[in-house]
1. What is the number of the single condition among (1) surrounded by 14 or more Cβ atoms within 10 Å (Cβ to Cβ); (2) more than 11 Å from the ligand (Cβ to nearest atom) that Gln232 does not meet?
2. Out of the residues in region 270-294 meeting the condition of being at pLDDT 90 or above and among the aromatic types (Phe, Trp, Tyr), tell me which one is nearest to Leu349 (Cα to Cα).
3. Report whether or not Leu349 is open to solvent by less than 20 Å² (accessible area, probe 1.4 Å) and over 15 Å from Phe235 (Cβ atoms).
4. Looking only at region 298-326, how many residues end up being over 11 Å from Ala236 (Cβ atoms) and either of a type outside the set (A, V, I, L, M, F, W, C) or not assigned by TED's automatic domain parsing to the domain that holds Ile248 (or both)?
5. Spot the failing condition for Glu259; the list is (1) away from the ligand (no atom under 16 Å from the Cβ); (2) open to solvent by 60 Å² or more (accessible area, probe 1.4 Å), and only one is missed.
6. Scan (1) farther than 19 Å from Lys270 by Cβ; (2) free of Cβ contacts under 8 Å to residues at least 40 places away in the same chain for the single condition Ser314 breaks and write down its number.
Amino acid sequence: MNYDDAIDEERRKMVSLSGAWFIIVTLTLSSFVLFYSYFLDDNQHITANSYSKYFALTYILFIGTLWVVRTLNPFYLDKNWMRNASILIFINGIIWGGIVFCYVMESRLLGPVFLCVIILFCGIVSGYSLTLIGIYSLPIFSSLLISTYLKDGLLHSLYMCIILSGVWFIIKTSDSLIKKRINKEIATSLILEKKAFNACHNAQIDYLTGVFNRRGFEVEFKKAVSECVIEQKPFAIILVDIDYFKKINDTFGHVAGDECLIAVADKIQKCLKFFVSSISRYGGDEFIIIVNEATSEKVEMICNNIKNSINENSLKSIGDKCISVTQGAAICDNARSVNDIISCADSALYEAKQNGRNCYQVVE
Ligand SMILES: Nc1nc2c(ncn2[C@@H]2O[C@H](COP(=O)(O)OP(=O)(O)OP(=O)(O)O)[C@@H](O)[C@H]2O)c(=O)[nH]1
């Protein structure tokens, strides 16, 4: 469900509620008005002049009330309340013009019909459904029909304004409430999505070195394989093993061993900075690198950079000694060799170890 559908759905729910409320209020008002008009003097006449006078007065009061409500509770009305009020005045101006015209023409039915046509037009233009417009138009129509029996200009003006502003107010406030609720729901789902993303990301990271763990590697490996199979882009696997790591652990302790692992991961990451690649911790002291769009020159260059970079610096935690790594790399340039690529890199690593460690071996 997209944003607009969600708003429409909420609107429908809200409309049945506000529609029911509006019908009750309108009917109560109508009975009151009818009761009052029953006692009116038949000689009181309504003229176009008295309509416009009371119309102006009522709207000054209306705008004043809106202003007070907004000052007391800024969140109650939406930001465009002034524009909404102006539209309301404009629409009512047309309606009142129509009603006065109908009175002049001595027709009681034309006024309410004219009003409902205007509401229909405004409703359709604003994107409301016909059912919704019907719910609002029906009580308005019936109550206006009743109110045309009124002879008192002021009461009539007041009554009409209450009805019309009621409609407008319900539509506007229910709409802004709906939008606020939907926005809140969207914000909540975005937060949940982000949390899920973070959880998924954290599950793929090695807590000690900060590079991908075995699970992260699987994801990166699948990406590289699909690029190789679909787009024929070759990739390479480099296995990096710390030389005599067990001895480091045994001599300087596990904390020193951990520092070695962090330092090696850091150095490898720096060497890979300018290449499309990823690094993961594959096992205890073994790292695995995926180099995308690989060529043998590129892979040799990376292996050489890693070797030199790790040899260059000594580590305090292991008595200012330097560490070294042995690397085995394999390049996969066709879909058939995808399944064997890791064991090829492993064999290359074994070969490099046989050659005396602190070196690398690349196979294609
Ligand atoms: N400090 C530390 N040690 C670890 C961790 N994970 C595994 N190890 C140790 O890493 C050592 C790996 O030993 P080996 O696989 O024999 O590797 P090696 O001593 O480097 O031998 P070669 O690879 O043949 O040079 C084991 O002693 C493990 O206990 C870790 O997270 N931290």
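1. With respect to (1) surrounded by 14 or more Cβ atoms within 10 Å (Cβ to Cβ); (2) more than 11 Å from the ligand (Cβ to nearest atom), Gln232 is out only on (1).
2. The selected residue is Phe287.
3. yes
4. From region 298-326, those over 11 Å from Ala236 (Cβ atoms) are 301, 304-326; that's our starting set.
Add one more test, that the residue is either of a type outside the set (A, V, I, L, M, F, W, C) or not assigned by TED's automatic domain parsing to the domain that holds Ile248 (or both), and what stays is 304-305, 307-309, 311-314, 316-317, 319-321, 324, 326.
Counting residues in region 298-326 that are over 11 Å from Ala236 (Cβ atoms) and either of a type outside the set (A, V, I, L, M, F, W, C) or not assigned by TED's automatic domain parsing to the domain that holds Ile248 (or both) gives 16.
5. Only one criterion in (1) away from the ligand (no atom under 16 Å from the Cβ); (2) open to solvent by 60 Å² or more (accessible area, probe 1.4 Å) is unmet by Glu259, namely (1).
6. (1)
Conditions (1) in contact (Cβ under 8 Å) with a residue 12 or more places away in the chain; (2) more than 11 Å from the ligand (Cβ to nearest atom); (3) not in a loop (DSSP other than H, G, I, E, B), marked per residue:
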| site | (1), (2), (3) |
| --- | --- |
| Leu239 | yes, no, yes |
| Asn249 | no, no, yes |
| Ala263 | yes, yes, yes |
| Lys267 | yes, yes, yes |
| Phe275 | yes, yes, no |
| Ser280 | yes, yes, yes |
| Ile288 | yes, yes, yes |
| Ile306 | yes, yes, yes |
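The values are calculated or read from the model by the stated rules, or taken from the named source; none is laboratory data. Nothing here was measured: the structure is a model prediction, and the numbers come from that model. Don't worry about glycine lacking a Cβ; one is built from the backbone with ideal geometry, like all the others, and counts go over all protein chains shown. Keep in mind that these areas ignore ligands, DNA and RNA; they rest on the heavy atoms of the full protein, side chains included. Shrake-Rupley method; radii C 1.70, N 1.55, O 1.52, S 1.80 Å.
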